[in-house]
Amino acid sequence: MQRNQLLLIGLGIAAVIALFAFGRISPKVHDHDHAAKGMAMPQGNAAVAADFKDLLQKARERVPAEKLGEISRLENAVVRGDVQTQQIAAYRQLYLIWDGLNELPIAAHYAAEAAKLENSGKNLTFAANLFLDHLSHTQDPAVRMWEVNSAIELLDRAIALEPANDTLKLKKGTLLVDYTGEPMQGIGLLREVAEKNPDFLDAQLTLANFSIKSGQFDKAVERMQKVLDRTPDEPKALFLMAAAYQSKGENDKAIELLRQCRKLIKDPALAAEIDEYIKSIK
C-alpha cells in the first residue's frame with residue numbers, strides 16, 4: 001500500500017471503502033439505520049500534543065546500555081556542531097540508530113530535523129511520510145497529535161518549495177480532517193485541489209470518502225458520478241458509489257455497481273472480497 005493511501009483509511013463506513021479504494025481490508029457492512037452513527041468528522045477538542053523531550057526520555061530508558069553512549073555522542077555533536085553539514089550528518093545517524101531500535105517516532109523526529117536543515121522537498125516529504133506511516137499504530141492521543149503536528153509542519157515546508165504539488169496538499173488536507181479540530185480547513189484545501197484538477201482521482205475519492213463518513217451520501221454519489229462521466233470504467237469510483245448507495249439503504253443499486261466494479265478487477269483475492277461484500281448486503 002502506498003504511503004499516501006494510508007492516510008485515507010478512516011473509521012466506520014470507510015473501513016468498507018478501504019477494501020478497494022484505498023487498500024485491502026475485510027469489509028464491514030453497516031445497517032442503514034446506523035450508517036451515519038460514529039461517522040462524523042472530528043470537531044474541535046483535538047488532543048494536546050505530547051512533548052518530544054518526554055518521548056525521548058522514555059525511549060532512552062528502553063535503549064540497551066551499549067547504544068546510549070553512541071546516541072549521547074551524536075546528540076552532543078548536534079548541539080556543538082557549528083557546521084550545518086555536520087549537524088545534518090548527526091541527525092541522519094540518529095535517525096538510523098533509532099530506526100534500528102524500532103523506535104519509529106523518535107527516528108522520524110531526527111529525519112525531520114535533518115530534512116529541515118537540508119530544506120529539500122524530497123526529504124521533507126520522506127520525513128512527513130515516516131510520521132504518517134506510524135499514525136495507525138499510535139494508541140496514545142497525545143503522541144498521535146504530536147505526529148500529526150510534525151507531519152503538517154513538514155508538509156507545509158514541502159508545499160512552500162513545491163506549491164504545485166497537489167499530492168502534498170491532499171495529505172495535509174486529509175490530516176486536518178481526520179485528526180485536528182479544523183476539519184473544514186482540510187475540506188477547503190481538498191476542494192481547492194479537486195476543483196483545480198478534476199482528473200486527480202485521489203482527491204475526488206478522498207472527498208467522496210469524507211462525504212460518506214459524515215453521512216452525506218448523496219454528495220458522494222454526485223462526486224463519483226462526475227468521475228464516472230469522465231472515466232466510465234474507473235473501478236474505485238464504482239466501488240465508492242456502491243458504498244454510498246449501500247449506506248443509504250439502496251442495496252440493489254449498490255450490488256449493481258459492485259458487480260460492475262467486480263468485472264474490472266484483475267486481482268483474484270480482491271475480487272473474492274468484493275464477492276463476499278456483495279453476499280453480505282444481499
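The values are calculated or read from the model by the stated rules, or taken from the named source; none is laboratory data. Keep in mind the model is a prediction, meaning the values are calculated, not measured. Note that we place each Cβ from the backbone using ideal geometry, even for glycine, and neighbour counts take in every protein chain shown. These area figures cover heavy atoms from the full protein model, side chains too; ligands, DNA and RNA do not enter into them. Shrake-Rupley method; radii C 1.70, N 1.55, O 1.52, S 1.80 Å.
List of remarks:
- Residue 209 vs. criteria polar (S, T, N, Q), open to solvent by 20 Å² or more (accessible area, probe 1.4 Å) and either under 28 Å from residue 125 (Cβ atoms) or touching a residue at least 24 places away in the same chain (Cβ under 8 Å) (or both): no
- Near pairs, Cβ below 8 angstrom, 6+ apart or cross-chain, from segment 129-146 (within 21 Å of residue 115 (Cβ to Cβ)) to any residue that is of a type in the set (Asp, Glu) and surrounded by fewer than 19 Cβ atoms within 10 Å (Cβ to Cβ): 146/51
- Some residue of segment 202-215 being over 22 Å from residue 172 (Cα atoms) and either under 26 Å from the mean Cα position of the chain (by Cα) or part of a helix (DSSP H, G or I) (or both): yes
- Within segment 138-152, tally of residues that are part of a helix (DSSP H, G or I) and surrounded by fewer than 17 Cβ atoms within 10 Å (Cβ to Cβ): 2
- Residue selection: residue 161 fails the criterion of being open to solvent by less than 10 Å² (accessible area, probe 1.4 Å) and at pLDDT 95 or above.
- When residues of segment 216-236 are limited to those that are outside any helix (DSSP H, G or I) and under 18 Å from residue 264 (Cα atoms), the one nearest to the chain's Cα centre (by Cα): 234
- Out of 198, 268, one residue alone is surrounded by fewer than 21 Cβ atoms within 10 Å (Cβ to Cβ) and either of a type in the set (Phe, Trp, Tyr) or in contact with a helix residue (DSSP H, G or I) (Cβ under 8 Å, 6 or more places away or on another chain) (or both). It is 198.
- Of the residues contained in segment 202-213, one or more are found to be among the hydroxyl-bearing types (Ser, Thr, Tyr) and under 17 Å from residue 236 (Cα atoms).
- Qualifying positions in segment 91-124 - under 19 Å from the mean Cα position of the chain (by Cα), open to solvent by 30 Å² or more (accessible area, probe 1.4 Å) and either more than 22 Å from residue 61 (Cβ to Cβ) or among the polar types (S, T, N, Q) (or both): 122, 123
- Verdict on residue 68 being hydrophobic (A, V, I, L, M, F, W, C) and open to solvent by less than 70 Å² (accessible area, probe 1.4 Å): yes
- All positions within segment 224-261 that are among the basic types (Lys, Arg) and surrounded by 21 or more Cβ atoms within 10 Å (Cβ to Cβ): 236
Results for (1) hydroxyl-bearing (Ser, Thr, Tyr); (2) at pLDDT 95 or above; (3) in contact with a strand residue (DSSP E or B) (Cβ under 9 Å, 6 or more places away or on another chain), shown as yes or no for each residue.
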| position | (1), (2), (3) |
| --- | --- |
| 112 | no, yes, no |
| 126 | no, yes, no |
| 136 | yes, no, no |
| 145 | no, yes, no |
| 156 | no, yes, no |
| 172 | no, yes, no |
| 179 | yes, no, no |
| 186 | no, no, no |
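- Restricting segment 46-57 to residues that are at pLDDT 95 or above and surrounded by fewer than 12 Cβ atoms within 10 Å (Cβ to Cβ), the residue that is farthest from the chain's Cα centre (by Cα): 57
- Scanning segment 65-108 for residues that are free of Cβ contacts under 8 Å to residues at least 12 places away in the same chain, under 26 Å from residue 144 (Cα atoms) and not in a helix (DSSP H, G or I) yields one hit, 102.
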